[in-house]
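Below: one structure, written as structure tokens.
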Amino acid sequence: MAITLDIARDHPNAATLIGTKNAADDAGPVVEKPPLIGLTRDALAEVLAGIGVPQRQLRMRVAQLWHWLYVRGVSDFGAMTNIAKDLRQTLDDHFTVARPEIVSEQVSVDGTRKWLFRFPPRGAGRPVEVETVYIPEEGRGTLCVSSQVGCTLTCTFCHTGTQKLVRNLTAEEILSQVLMARDRLGDFPDAETPQGAAVPSEGRLVSNIVMMGMGEPLYNFEHVKTALLIASDGDGLSLSKRRITLSTSGIVPEIARTGAEIGCMLAISLHAVRDDLRDVLVPINKKWNIEALLDACRAYPGLSNAKRITFEYVMLKGVNDSDAAAKELVRLLRGIPAKINLIPFNPWPGSEYECSDWERIEAFADIVNRAGYASPIRTPRGRDIFAACGQLKSASERMRKKDRLAAAPEAAQ
């Protein structure tokens, strides 16, 4: 039986963000102070200089803040005890390090957790909500992080694709999903698990990040890049780049940049071996077809047997699950160090597809395995709380184009 915890009004960080207005108000709350979370070290130094921190202190103050934000995980300037009280007050007067509001937290029968986070408005926009999923597994815990509110790609098997793009998330909002998950799991040093977390503080820590939540990460490249470089910074959250995976539906021009500028692992949402079918399942294929996509994969910086590309393949009954499709998949990927994740289709209300029978999935996997590719069948997790792959969606409404541009002018689609 799944558990749903509606804890938004009880969460200690909620009031910090919603101020004197209810966050569900049509007019939305007003964010008066810019966040420090999500700023690079150089940007952090620049804003500190702007409030009068002496040049000779900038490097030290940046290091202190970086440690408190990303190692200790504090969300209150008052807790930064090695910073003078007057500077802490100045920081609090000008900036925020508060977390987003938790609207709800759901716990699946299999231990998977889904959070609905509400972020304050950006520019002329309204508050937005995104879903983030934590999957506890033996020896690791994986956090599925969103990069956009909604999506532009309209993949026909994906629930998120039925929600039009609201806006890109900022680097702060992407990182805040990681920080909130670590808060809820008691995953920061000396942290106490918050009341109502329904999760033990040991053995279910965030060790892996996958950019596989709501949205297409490569349509929000700069913010995703900044967030992931901070997440992998050795003096902060310190996640290995080998434990960070970015999943794309095939935005070919940004794939090489992902390897060169972020250096994380790459996953490709392939799902079909013919262009005519992929045009339907993953419509971006009409712009960059399978051949162009696989050429970009072969050229991915750092590609090797030790750093393989993961190809994701959702199993749709009678659509893409034949023996012939499995053999063609093997042929297409020849020469690419790869792993193939076979994903049983996760149903959602209104979906037109069915999941392949288990015997058919195993037969498909056997063909791929015999060709020398690892092809694990991904165990569905969190289906009962709509937290499984392809099931994420929020109720945020689409913004007008001019509002999206005001919210994130350098990255609006």
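The values are calculated or read from the model by the stated rules, or taken from the named source; none is laboratory data. This is a predicted model, so every value here is computed, not measured. All Cβ positions, glycine included, derive from the backbone under ideal geometry; neighbour counts span all protein chains shown.
Assorted remarks:
- Among the residues of the range 49-78, the one identified as at positive phi and surrounded by 15 or more Cβ atoms within 10 Å (Cβ to Cβ) is Gly73.
- Within the range 296-318, the residues that satisfy the criterion of being surrounded by fewer than 16 Cβ atoms within 10 Å (Cβ to Cβ) and farther than 20 Å from Phe221 by Cα are Arg298, Ser304, Asn305, Ala306, Lys317, Gly318.
- The range 276-301 residues that are free of Cβ contacts under 8 Å to residues at least 24 places away in the same chain, paired with ones that are assigned to a loop (DSSP other than H, G, I, E, B) (beta carbon under 6 Å, 6 or more apart): Arg278/Ala272
- Residues (among the small types (Gly, Ala, Ser) and surrounded by fewer than 16 Cβ atoms within 10 Å (Cβ to Cβ)) located in the range 269-295: Ala292
- Filtering Arg331, Arg278 for residues that are assigned to a helix (DSSP H, G or I), in contact with a helix residue (DSSP H, G or I) (Cβ under 6 Å, 6 or more places away or on another chain) and either among the basic types (Lys, Arg) or on the phi > 0 side of the Ramachandran plot (or both) leaves a single hit, Arg278.
- Matching residues, the range 268-298, being closer than 22 Å to Lys327 by Cβ, in contact with an Asp or Glu (Cβ under 9 Å, 6 or more places away or on another chain) and not hydroxyl-bearing (Ser, Thr, Tyr): Ile268, Leu270, His271, Ala272, Val273, Arg274, Asp275, Asn285, Asn289, Ile290, Glu291
- Meets criteria (exposed (fewer than 14 other Cβ atoms within 10 Å of the Cβ), of a type outside the set (Phe, Trp, Tyr) and either modelled with pLDDT under 95 or farther than 20 Å from Gly213 by Cα (or both)) for Glu354: yes
- Any hit, the range 160-168, residues being assigned by TED's automatic domain parsing to the domain that holds Arg242, more than 17 Å from the chain's Cα centre (by Cα) and part of a loop (DSSP other than H, G, I, E, B): yes
- Single condition Arg88 does not satisfy, out of (1) surrounded by 16 or more Cβ atoms within 10 Å (Cβ to Cβ); (2) charged (D, E, K, R); (3) under 21 Å from the mean Cα position of the chain (by Cα): (3)
Yes/no matrix, rows are residues, columns are (1) more than 13 Å from the chain's Cα centre (by Cα); (2) part of a strand (DSSP E or B); (3) at pLDDT 95 or above; (4) not assigned by TED's automatic domain parsing to the domain that holds Gly250:
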{"residue": "Glu192", "(1), (2), (3), (4)": "yes, no, no, no"}
{"residue": "Gln195", "(1), (2), (3), (4)": "yes, no, no, no"}
{"residue": "Pro200", "(1), (2), (3), (4)": "yes, no, no, no"}
{"residue": "Gly203", "(1), (2), (3), (4)": "yes, no, no, no"}
{"residue": "Ile209", "(1), (2), (3), (4)": "no, yes, yes, no"}
{"residue": "Met214", "(1), (2), (3), (4)": "no, no, no, no"}
{"residue": "Lys225", "(1), (2), (3), (4)": "no, no, yes, no"}
{"residue": "Leu229", "(1), (2), (3), (4)": "yes, no, yes, no"}
{"residue": "Asp233", "(1), (2), (3), (4)": "yes, no, yes, no"}
